[in-house]
Amino acid sequence: MLNCWRSSGPDPGARRSATVAPTVAPLTAPARKLRNLRIVLPPVSRRTFLFYLLILQKGEKVSLFGKRCYNWGSQPWTDGEEEMLTRRLERLYPMMADRRVDCLALVPGANLFYLTGLRFHLSERPLVAFFAPDRPPALVLPALEVTKAQQGPFPLTWQFFSYTDEEGPTAAFHRAAQALEIEGRRLAVEYLTMRVTELVLLQQVVPHFDLVEAEPLLSALRMTKEPEEVDRMRQAVRLTEAALQRVVDSLQPGMTEREVASRLWRAFLEEGAEGLAFEPLVLTGPNSALPHALPGDHPLRPGDMLIVDCGVVLDGYLSDITRTFAVGEPDPEMARIYQVVQRANEAGRAAAGPGVPAQEVDRAARRVIEEAGYGDFFIHRTGHGIGLEVHEPPYIVEGNEMILQPGMTFTIEPGIYLPGRGGVRIEDDVVITEGGCESLTTFPRDLRRIG
């Protein structure tokens with residue numbers, strides 16, 4: 001295991017070496033044949049894992065569970081997708097100028113991936129990318145990540161400011177701040193993502209700057225999806241549905257929530273997902289009345305409802321769908337509630353379209369539930385945006401007057417939850433089109449019985 005820098009160690013700015021000197025170097029894209037690389041890691045034995053790891057280190061293709069898997073590498077950007085990334089940067093800088101943002105600082109996550117195609121772990125080693133309209137982007141990063149950045153999927157000229165574990169990041173941040181002339185300027189950061197660690201480092205090396213929230217800028221940049229993005233989301237939904245169908249076909253009364261969740265994990269990986277959007281929510285009986293409970297040892301009992309909320313990551317983009325099932329013959333009231341939620345979901349999808357305020361979709365779905373007498377038991381918004389993150393703008397909620405536009409993607413997920421008894425939720429991923437609203441989700445919405 002690599003040793004990490006600790007803030008309690010020696011002064012991180014006391015030593016300098018060639019590894020931390022700023023450089024300006026073009027990033028060459030990897031060979032075309034190495035572009036389409038991703039890996040799926042299903043549960044295997046240690047010996048099998050080491051065997052596959054050896055193959056992957058040699059750059060050879062392998063097949064697990066009949067699915068094609070590849071070695072670790074950059075995301076599979078085609079020429080068209082490189083043009084897409086170029087367009088994003090070209091859109092970014094004028095939007096920064098309009099909002100009087102002099103410099104944008106991003107930490108590892110969806111926004112950095114969106115602009116560069118680069119993925120890094122958010123770890124104890126700080127990594128921050130800086131974007132300013134009048135100079136090349138700068139990247140402060142651990143020395144062990146430099147090669148990965150140089151082999152990134154998108155040819156972009158960076159200023160690198162790297163640091164070793166022994167040196168720590170302070171000096172590298174200081175040089176980056178000087179190169180970008182952040183002092184006295186307006187710096188936009190991700191309030192929900194940047195940690196105190198990175199912010200304190202910036203404050204140490206730049207005593208005076210105006211801090212502003214980057215979310216409005218980044219939301220405006222990312223909210224309207226390009227066709228390539230929608231296609232990736234559609235593929236993620238298809239994979240999710242295929243895995244969910246397999247698991248549902250195998251369910252029997254007596255299985256526990258945790259057992260069903262573990263089957264979903266395995267099915268997603270076997271189908272080719274690169275990861276899960278979130279831990280599957282498998283909730284039955286009274287537990288299904290808690291929208292965000294975690295799977296436990298609750299068994300599937302006849303008469304109970306079963307909520308399954310799940311999603312995957314595929315090529316960086318996420319899916320998020322929910323279906324509710326009946327274990328055997330459902331309780332008569334829960335069966336009626338299911339029909340109400342089904343109609344509310346239909347009403348929400350029918351109301352969505354270009355030019356429609358987001359809150360009108362919430363109102364349409366909520367109206368159905370209120371008229372059925374269950375308004376007090378619909379305890380969350382109707383939906384949320386989805387894309388590189390499972391929750392992102394636009395939010396489908398009362399008070400959001402944002403006008404829906406073609407390319408916006410979000411969920412429609414009305415639900416009714418009776419405390420101590422059970423709940424019902426039906427969730428679809430949708431995209432606004434020129435002519436209305438398309439559901440990316442095709443999984444049947446009729447009530448299905450298990451066992």
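A short reminder: the numbers here are calculations on the coordinates, not readings from a lab. Since this is a predicted model, take the numbers as computed values, not measurements. Using ideal geometry, Cβ is built from the backbone for each residue, glycine included, and neighbour counts are taken over all protein chains shown.
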Exercise for the section: May I ask you to work out the translational diffusion coefficient for the range 227-450 at 10 °C, viscosity 1.306 mPa s, via Stokes-Einstein with Rh from the Kirkwood sum over Cα pairs, reported in whole µm²/s? Expected result: 92
Handout entry: Residue-count net charge about Gln342 - beta-carbon cut-off 13 Å; Lys, Arg +1, Asp, Glu -1
Key = +2
Exercise for the section: Could you compute the FRET efficiency for Glu166 and Glu124, with r as their C-beta to C-beta distance and R0 at 22 Å, rounded to 0.05? Expected result: 0.95
Exercise for the section: Give me the distance between the Cα centres of the range 400-431 and the range 216-262, rounded to whole Å. Expected result: 14
Practice task
Using only Cα atoms, locate the centre of the range 275-301 and the centre of the range 176-208, then give the distance between them in Å, rounded to an integer.
Solution key: 40
Exercise for the section: Arrange the following residues from fewest to most other Cβ atoms within 10 Å of their Cβ: Cys310, Cys103. Expected result: Cys103, Cys310
Completion exercise
FRET efficiency for Gln339 and Glu438 from the Cβ-Cβ distance with R0 = 25 Å, rounded to 0.05, comes out at 0.55
Exercise for the section: Report the net charge of residues surrounding Leu218, where surrounding means a beta-carbon distance below 12 angstrom and charges are Lys +1, Arg +1, Asp -1, Glu -1. Expected result: -1
Fill in the blank from the handout: Total charge of the residues flanking Gly184 in space, meaning their Cβ is under 10 Å from its Cβ, with Lys and Arg +1 and Asp and Glu -1, is -2
Completion exercise
For the Asp446, Tyr191 Cβ pair and Förster radius 41 Å, calculated FRET efficiency rounded to 0.05 is 0.45
Practice task
Pull up all non-local amide H partners of Leu404: gap of 5 or more, or a different chain, and H-to-H distance under 5 Å with H placed in the peptide plane.
Solution key: Gly355, Val356, Ala358
Practice task
Please list, in chain and number order, the residues 5+ apart from Gly385 or on another chain whose amide H is under 5 Å from its amide H, with Hs placed from the backbone.
Solution key: Glu392, Tyr395, Ile396, Thr411
Exercise for the section: Kindly write out, for the range 175-192 in residue order, the coupling ³J(HN,Hα) from the Karplus curve 6.51 cos²θ - 1.76 cosθ + 1.60 (θ = phi - 60°), rounded to whole Hz, with x marking Gly and Pro. Expected result: 5, 5, 4, 5, 5, 8, 6, 6, 3, x, 9, 8, 10, 9, 10, 7, 4, 7
Completion exercise
When Ser319, Ser250, Ser262 are arranged by how many other beta-carbons sit within 10 Å of their Cβ, fewest first, they go Ser250, Ser262, Ser319
Problem - Interchain or long-range residues, amide H under 5 Å from Tyr163's placed H - result: Leu141, Ala143
Exercise for the section: Alpha carbons only, please: Rg and Dmax for the range 175-268, in angstrom. Expected result: 22.7, 64
